[in-house]
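The structure appears right after this line, and notes come after that.
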Amino acid sequence: QGKKDGRGTYRVFKSTMDLELRARAQLETELRDAIQRGEIEPFYQPVVALPEKTLIGVEVLARWRHPIRGLLTPNHFIGIAEETGMIGDLSYRLLRQACLDARDWPAHLLLAVNISPQQFQDRWLCERVLSILTETGFPPSRLEVEITESALVQDLEAARTTLTSLQNLGVRIALDDFGTGYSSLYHLRELKFDKLKIDRSYVDTITMSDERAKLVDAIIKLSASLGLVTTAEGIETDASVDWLSGQGCDFGQGYLFGAPMPKTELTALLAAPDAHGMSAALKQVA
Ligand code: C2E
Ligand code: MG
Ligand code: MG
Ligand code: MG
């Protein structure tokens, strides 16, 4: 009995797998073309200074305008781009586009870009970033590079060298998704960052229990005592803003202030920030 069923099951499984492999191969091809055609678009999410809610910068977040599947978020394609070695091409094009877009915005606005673990291993990372900044005329002091701990696990010495070379250009480094990695304290001890971004999963919970709030408070204090500035990610309520500002959190980001948006929308927001619940004066934090 088992044999017959087993074979049937196997066949079904195999054809499902074939389909998945084919779909994946097709997505890979489409992604390659989309990158070449510049169809991976930078979206921008506001970053505000607390407690005034002055807009001080934006985080660049990749979006793929897929002709059939619509607007795709990074979880649909960043992994594939990493595995196939397309991530560098994707990210450098995105950075270049963001630097060009930023020409139309106030000169104080900071840009934060995400660098994936695989891209972080690119030995020419620093040179490529510099050449994009030079070509577009975007000042290094307005750029922030966000990395997660998974970029740091391979080779600490190499990571230190890369971080230092970027910082020597004047680019700032943020440790992203803080609290989700395996050895956050170790990395804070061994490497020099400029900013710490508290992961959304912590910010979510501060109003849920005292213990959780205490943990976030401790992270803010730790960050400040190491001389870093702190951003809270994923702020969705006014209650969170009040509490985080009260604990000394410097910056905030989240749907409360604005979801990631295309260039045109950000340009409109910049023209009338108060209409979006933000303070009108742009504040220079560089
Ligand atoms: P991240 O760098 O931690 O970016 C923050 C993510 O949280 C974004 O998701 C953003 O849309 C989402 N978010 C922001 N505020 C809120 C909120 O209030 N509530 C909720 N529920 N979510 C919020 P997104 O755009 O889907 O990006 C996911 C991740 O993909 C990013 O996490 C980043 O690690 C990666 N990513 C995005 N763009 C790029 C890129 O150009 N290159 C690389 N290497 N990675 C990227
Ligand atoms: Mg980020
Ligand atoms: Mg994050
Ligand atoms: Mg995240």
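Just so you know, all these numbers are worked out from the coordinates, no wet-lab data involved. For clarity, every value in this text was computed on a predicted model and none was experimentally measured. Here the Cβ is made from the backbone with ideal geometry for all residues, glycine too, and neighbour counts use every protein chain on show.
Results, tabulated for the structure shown:
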| quantity | calculated |
| --- | --- |
| Mean Cβ neighbour count within 10 Å, used as a protection proxy, ranking 121-128, 97-104, 227-234 highest first | 227-234, 97-104, 121-128 |
| Extension reserve of the L100-K214 stretch, reckoned as 0.36 nm per residue once the Cα distance is removed | 36.9 nm |
| Close Lys-Lys pairs in the chain, where close means Cα under 30 Å and separation is 8 or more or interchain | 23 |
| Among 147-156, 23-32, the order from most to least packed when residues are scored by Cβ within 10 Å on average | 147-156, 23-32 |
| Per-selection metrics, the chain (Cα): Rg and Dmax in Å | 20.9, 75 |
| Counted charge near G88, where neighbours are those whose Cβ lies closer than 10 Å (Asp, Glu -1; Lys, Arg +1) | -1 |
| For the stretch 5-153, fraction of C-alpha pairs farther apart than 20 Å, in % | 56 |
| Table column - 3J(HN,Hα) (Hz), the stretch 146-159, Karplus curve with 6.51, -1.76, 1.60, x for Gly and Pro | 9, 10, 9, 4, 4, 6, 9, 6, 5, 8, 5, 5, 4, 4 |
| Efficiency of FRET from Cβ geometry, L226 and E52, R₀ 30 Å, rounded to 0.05 | 0.80 |
| Environment charge at G246 (Cβ cut-off 13 Å; Lys +1, Arg +1, Asp -1, Glu -1) | -3 |
| Burial ranking of peptide ranges 161-174, 260-273 (average Cβ count within 10 Å, highest at the top) | 161-174, 260-273 |
| The chain: relative contact order as a whole-number percent, Cα under 8 Å and 6+ apart | 21 |
| Length released on extending from Y255 to R32, taking residue separation times 0.36 nm less the Cα-Cα span | 77.2 nm |
| Environment charge at N114 (Cβ cut-off 9 Å; Lys +1, Arg +1, Asp -1, Glu -1) | -3 |
| For the stretch 40-54, Karplus couplings with θ = phi - 60° (6.51, -1.76, 1.60), whole Hz, Gly/Pro x | 8, 10, x, 9, 10, 10, x, 10, 10, 7, 9, x, 6, 6, 7 |
| Stretch gain in nm, segment H66-S141, where the contour uses 0.36 nm per residue and the Cα spacing is subtracted | 23.6 nm |
| Hydrodynamic radius (Kirkwood) for the stretch 110-178, which is based on Cα pairs only, to one decimal in Å | 12.1 |
| For the stretch 182-237, the spread of Cα positions along each principal axis, largest first, Å | 32, 21, 19 |
| Relative contact order of the stretch 127-252, pairs being alpha-carbon contacts under 8 Å that are 6 or more residues apart, as % | 19 |
